[in-house]
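What follows is a single structure, written as structure tokens, with notes after it.
The values are calculated or read from the model by the stated rules, or taken from the named source; none is laboratory data. Source: prediction; values computed, not measured. FYI the Cβ positions are ideal-geometry reconstructions off the backbone, even for glycines, and counts take in every protein chain you see. Side chains are part of the model used for accessible areas, which takes the heavy atoms of the whole protein and leaves out ligands, DNA and RNA. Shrake-Rupley method; radii C 1.70, N 1.55, O 1.52, S 1.80 Å.
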Amino acid sequence: MLTILDKYILKRYLATFGAMLLMFIPIGIIIDVSEKINKMIENKIPLKEIIIYYYNFTIYFANSLFPIFLFLSIIWFTSKLANNTEIIAILSSGISFTRFLKPYIIGASIVSVLVLLMGFYVAPKASEGFNNFRYMYLRSGGREQMVGDNTDVYRQLNDHEFLYVSNFNTASKMAFNFSLERFEKEKMISKITASRIKWNEKDSTYTLYDYSKRTVGKLGDKIEVLPEKNVKFKFELEDLTPVVYIAETLRLNELIDFIDKEKKRGSSNINTYMVVLYKKFSVPVSAFILTIIAVSVSSMKRRGGMGMNLTIGIAVAFGFVFFDKIFGVLAEKSTFSPLLAVWFSNIIFGILAVFLLRNAKR
């Protein structure tokens, strides 16, 4: 059962965190508008599109920087409690520091569950809208940049089929120098080639130009050659070179399926996708770590009062985000383990949390 004191602290925890979000999100929107207003006017973007963009921006911004907002909000109201000698009175009444932490941990649990659900179901859709708008309207050559390297594309479609195209045009939905090989027990049984292949949206078929199919047989090969042929395949051209931020736009189950598919295809971007997957679980855990650090740092009265606590808090929060970003990029651009990269900040700051908590108890 929660005591009156627990309810008081929990209410302050959630209310201050909410107020911090409501205070910083409009500031973020104003800064973003001031930076992009010229591009928006220049590209004559409809007002409806802009409103939808800033709705997605709000979710994307809050989800990305939630650790900083949470940490600073706890520092703020806990420092206030300390300056008003409320914490001294609480601990002097016989309540242990561990028991004092109970409402904070409950608050961190509530925030973690919300962030977890947002990361699974809400943030992916917002990320898709946010990134689509930026690449379509705000970046020079953004539509081309949406797709990664689309030259010399190799893909393993399944256990038996291997595909190659020399070049892929996303706008025309056309690929060039197409080749599709099928193997059974490490032996090629057929090969389809075409000078170019075009996706037909109306009937979900592909038109292959300069079509050639070679079927390997025991008594001899069968060769079929046509100037043009419509064929149905189980893959989509967009799957060959997915947009650079595709992993951010997928819900949990979709992301897991997508990663499994990309592993079979031999994608070179697996680490990038794995970083996004692991972050969905590591970010909610950081709420507990940052809560313990924030309470430990701000529960004591210091010279300089709340200002000193906020200074320490800002330094720790940005240190957390710095390590998180650095190791995330390191995993995406090298062979560094994505799992270790994503959890590195939680491990280091988790150790710091234990150290600070022990000192705070004393």
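Failed condition for S166, given (1) open to solvent by 30 Å² or more (accessible area, probe 1.4 Å); (2) at pLDDT below 85; (3) under 19 Å from D152 (Cβ atoms), with all others met?
Going through the list (1) open to solvent by 30 Å² or more (accessible area, probe 1.4 Å); (2) at pLDDT below 85; (3) under 19 Å from D152 (Cβ atoms), S166 breaks only (1).
Can you tell me which of I68, I90, I52, I27 is within 30 Å of F281 (Cβ to Cβ) and at pLDDT below 90?
I68
Would you tally the residues in the stretch 7-47 being open to solvent by less than 60 Å² (accessible area, probe 1.4 Å) and touching a Pro at 6+ places or on another chain (Cβ under 8 Å)?
3
Within the stretch 177-193, identify whether any single residue is among the acidic types (D, E), over 20 Å from G266 (Cβ atoms), free of Cβ contacts under 8 Å to residues at least 40 places away in the same chain and part of a strand (DSSP E or B), and answer yes or no. If you could, list the steps in order and put the result at the bottom.
Keep residues of the stretch 177-193 that are among the acidic types (D, E), which gives 181, 184, 186.
Filter once more, keeping what is over 20 Å from G266 (Cβ atoms): none.
The answer is no, given that none of the residues of the stretch 177-193 is among the acidic types (D, E), over 20 Å from G266 (Cβ atoms), free of Cβ contacts under 8 Å to residues at least 40 places away in the same chain and part of a strand (DSSP E or B).
Tally up the residues in the stretch 73-108 that are under 18 Å from L21 (Cα atoms) and free of Cβ contacts under 8 Å to residues at least 12 places away in the same chain, please.
Looking only at that region, the number is 0.
Specify which of the listed residues (V329, V275, V321) is part of a helix (DSSP H, G or I), among the β-branched types (V, I, T), open to solvent by 20 Å² or more (accessible area, probe 1.4 Å) and under 30 Å from L157 (Cα atoms).
Sole residue among the options that is part of a helix (DSSP H, G or I), among the β-branched types (V, I, T), open to solvent by 20 Å² or more (accessible area, probe 1.4 Å) and under 30 Å from L157 (Cα atoms): V329.
What residue, among those in the stretch 48-72 that are touching a residue at least 24 places away in the same chain (Cβ under 8 Å) and open to solvent by 50 Å² or more (accessible area, probe 1.4 Å), is farthest from G319 (Cα to Cα)?
That would be E49.
Confirm whether I110 is buried (at least 17 other Cβ atoms within 10 Å of the Cβ) and in a helix (DSSP H, G or I).
On the way: buried (at least 17 other Cβ atoms within 10 Å of the Cβ): no; in a helix (DSSP H, G or I): yes.
Answer is no for this residue.
Would you check if there is a residue in the stretch 223-243 being under 18 Å from P338 (Cβ atoms), open to solvent by less than 20 Å² (accessible area, probe 1.4 Å), in a helix (DSSP H, G or I) and not basic (K, R)?
no
Among the listed residues I292, I259, which satisfies the condition of being among the β-branched types (V, I, T), more than 30 Å from I106 (Cα to Cα), open to solvent by less than 60 Å² (accessible area, probe 1.4 Å) and assigned to a helix (DSSP H, G or I)?
Going through I292, I259 in turn, the sole match is I259.
With (1) in a strand (DSSP E or B); (2) within 30 Å of M136 (Cα to Cα) as the list, and K202 as the residue in question, which single condition is left unmet?
(1)
For T78, which of the numbered conditions (1) modelled with pLDDT of 85 or more; (2) surrounded by fewer than 20 Cβ atoms within 10 Å (Cβ to Cβ); (3) in a helix (DSSP H, G or I) fails to hold?
(2)
Does the stretch 297-304 contain any residue that is assigned to a helix (DSSP H, G or I) and open to solvent by 50 Å² or more (accessible area, probe 1.4 Å)?
no
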